[in-house]
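Following: one structure in structure tokens, then a few remarks.
The values are calculated or read from the model by the stated rules, or taken from the named source; none is laboratory data. Keep in mind the model is a prediction, meaning the values are calculated, not measured. Please note: Cβ atoms are built from the backbone with ideal geometry, for glycine as well, and neighbour counts cover all protein chains shown. Just the protein is used for accessible areas: all its heavy atoms, side chains included, with ligands, DNA and RNA removed. Shrake-Rupley method; radii C 1.70, N 1.55, O 1.52, S 1.80 Å.
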Amino acid sequence: MNVFQRQLPSAAAWSLMLLCITGPLSAQPMNVVAPTYESLLQQLETFPSQRETAALYEASLGRLDQSKTISNPVLTLEVDNFLGTGERKGFGGSETTLSATQPIENPSKRRARIAVAGAQVDATANRGEDSRWRAAARLAQAYVDAEAAIARHALATEGMSLAEAETRAVAALVREGREAKFREIQAQSELASVRSQLDEASANRAIALARLAAIVMRDQPIEALGSSLLNLSPSHLSDGTTESPQIRIARAETLVADKQVTFEKRRAMPDFSVTLGLRHFANERDAALVAGVGITIPIFDRNTGNIRAAAAELRAAEARLAAVELEVRAEKVAADAAMFASQSRVNAARVSVSTAREAYRLSRFGVDAGRISQLELRASRAALVSALRSEVDAKLARANAEIQLAQIEGRLPFGVQR
């Protein structure tokens, strides 16, 4: 048995280690395991962003109810002809009137106000639905980022272990006089580089898990995941006919602006009021009813400024809708292309990993037989680790494309039903 056989793991052990790395991450022996992605989606309504949208929707319903109310009556007490002279001295000749005035709003104005509030409820509901998809996307993004960070950390850890074993083997060869001192320096230099990569992977793993813990509102630090998203093949639930949430929001806001124009025009219409009261005459000790009808005269305030402003806001909303439709169409094309490219990249990465794994296995046998040098083995190992990292990157790119498509199509990422 040569030095490499004594110092390095066997080919079977290395293959088993690679299988563990590329297998389900939930099998890693960690202490604090995050809930599965599916279970977290069921808790989505408890997230702060969803509580905010629920409160905003409730507020819009309150404004709709308020828009249906009628004006309150005005109760007036008037005392005339008192503290004067002659017969009007003191309160002997006074007239006291108690009346109630009921403003009567123009019915068309009331209908327009209710229509504005109803359109605002619909717009708020659409914004709340879009907020749900965005919250799910943030959760999915944090989950896949954490999963990728864990996988990269596992690769860096095993790479560090193998580099240390190679360094020890080279040092033994140098002591035996079978390798030059330069080979040991090379191995130590590479070990330092691998150690720095492990430190970086550890930091990125801690950051990704901390972000996931913050999103899912966990006080304890998360050390592992309950399910895997990177290994899922995204399935499209949209049939292509569903309108994007961004377009629905822009369309609802345009409708609100249109209803607001109608309301502002009708606000210039006159309102009526009806007064009914009882008048008491102090001298005669008599009483009589009083009645009256009032109407506002739109001479000075015709609400022209608000009408002009509402019309301009409608034009702005229509322009936003047109821009959003073009932007969503472009984003959909880009996301579909990214999904196709990332899936091809994943397939290619799998072939590369399979080829690199076989090359490393043959290199290990070659080292055991003394036919392959340490440099060739190191290059083979580096190629395998690089292929594994590329596979993780490809799966992460595919997951990112799925998350982007889910937001555009208005659904939960990774084929989860609403």
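Values as computed for the structure displayed
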quantity: Condition check for residue 46: among the polar types (S, T, N, Q), at pLDDT below 95 and either within 30 Å of residue 288 (Cβ to Cβ) or surrounded by 13 or more Cβ atoms within 10 Å (Cβ to Cβ) (or both); calculated: no
quantity: Hits in the stretch 261-311 (condition: open to solvent by 40 Å² or more (accessible area, probe 1.4 Å), assigned to a strand (DSSP E or B) and touching a Pro at 6+ places or on another chain (Cβ under 7 Å)); calculated: 295
quantity: Residues located in the stretch 63-89, provided they are surrounded by 12 or more Cβ atoms within 10 Å (Cβ to Cβ), modelled with pLDDT of 85 or more and in a helix (DSSP H, G or I); calculated: 63, 64, 67
quantity: Residues within the stretch 91-106 that are part of a strand (DSSP E or B) and at pLDDT below 90, tallied; calculated: 2
quantity: Selected residue (only one of 326, 289, 278 is over 32 Å from the mean Cα position of the chain (by Cα) and without any contact (Cβ under 8 Å) to a residue 60 or more places away in the chain); calculated: 289
quantity: Residue list for the stretch 199-235, restricted to those being farther than 15 Å from residue 144 by Cα, open to solvent by less than 60 Å² (accessible area, probe 1.4 Å) and at pLDDT below 90; calculated: 235
quantity: Criterion violated by residue 418 - all others in (1) in a loop (DSSP other than H, G, I, E, B); (2) at pLDDT 90 or above satisfied; calculated: (2)
quantity: Flag for residue 195 being at pLDDT 80 or above, more than 30 Å from the chain's Cα centre (by Cα) and part of a helix (DSSP H, G or I); calculated: yes
quantity: Residue satisfying condition, being in contact with a helix residue (DSSP H, G or I) (Cβ under 7 Å, 6 or more places away or on another chain) and of a type in the set (S, T, N, Q), within set 202, 161, 196; calculated: 202
